[in-house]
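The values are calculated or read from the model by the stated rules, or taken from the named source; none is laboratory data. Everything numeric in this text was worked out from a predicted model, so none of it was measured. With ideal geometry, Cβ positions are generated from the backbone for all residues, glycine too; neighbour counts draw on all protein chains shown. Side chains included, ligands, DNA and RNA excluded: accessible areas come from the protein's heavy atoms. Shrake-Rupley method; radii C 1.70, N 1.55, O 1.52, S 1.80 Å.
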Amino acid sequence: LEAAGVTDPWLRNWFDFLAFAFSGLPSDGTVAAAMVYMLAELHADGARMDYPLGGSGAVVEALVRGLRKHGGELRLRSAVEQILVDEADGRCTGVRLVGGRVVHARRAVISNAPVWQTAALLPPAARAAVRATGSAPLDASTPPTPSFVHLHLGI
């Protein structure tokens with residue numbers, strides 16, 4: 001904002017709010033292309049930035065209904081000991097729960113844990129394979145960001 005000559009405190013705060021609402025970061029940490037896209041979507045006819053009817057709990061309930069409708073299963077309070085990975089193709093095949101029970105995945109394993117804990121659940125060879133592809137490492141070197149949930153839904 002400074003480089004663009006934006007000095008008005010209210011306007012700077014407004015841009016910071018929009019950046020945070022869209023990306024979870026202040027304006028100096030948000031990619032301009034993402035802001036342009038989101039602002040265009042925000043100003044489209046009929047678009048709005050609002051809270052969900054029924055609150056955030058309604059979003060969770062809708063996601064659970066969709067999961068179950070498509071044959072998925074939601075497990076709460078199920079501590080994972082290890083994410084299982086097929087060594088031949090690198091695909092996650094399930095999880096081993098604390099206590100030894102194995103839950104097999106039909107399509108995917110989705111982790112809601114922070115990246116550091118998720119990475120620690122992968123076998124070391126799987127972590128090395130991710131690094132070999134040129135993507136960011138799945139280890140303690142990943143920088144933390146403030147807690148933020150960013151969910152885009154279209155109806």
Legend entry - Wholly within region 1-118, strands (runs of 3 or more DSSP E) carrying at least 3 residues that are surrounded by 10 or more Cβ atoms within 10 Å (Cβ to Cβ): 80-85, 92-97
Legend entry - Single residue of region 119-144 satisfying the filter (among the hydroxyl-bearing types (S, T, Y) and open to solvent by 50 Å² or more (accessible area, probe 1.4 Å)) that is modelled with the lowest pLDDT: T133
Inset, instruction - For region 52-82, enumerate the residues that are farther than 30 Å from R101 by Cβ and more than 19 Å from the chain's Cα centre (by Cα). - result: L53, G54, G55
Inset, instruction - Please verify whether region 91-104 includes one or more residues that are at pLDDT below 90 and either more than 28 Å from A119 (Cβ to Cβ) or out of contact with any His (no Cβ under 6 Å at 6 or more places or on another chain) (or both). - result: yes
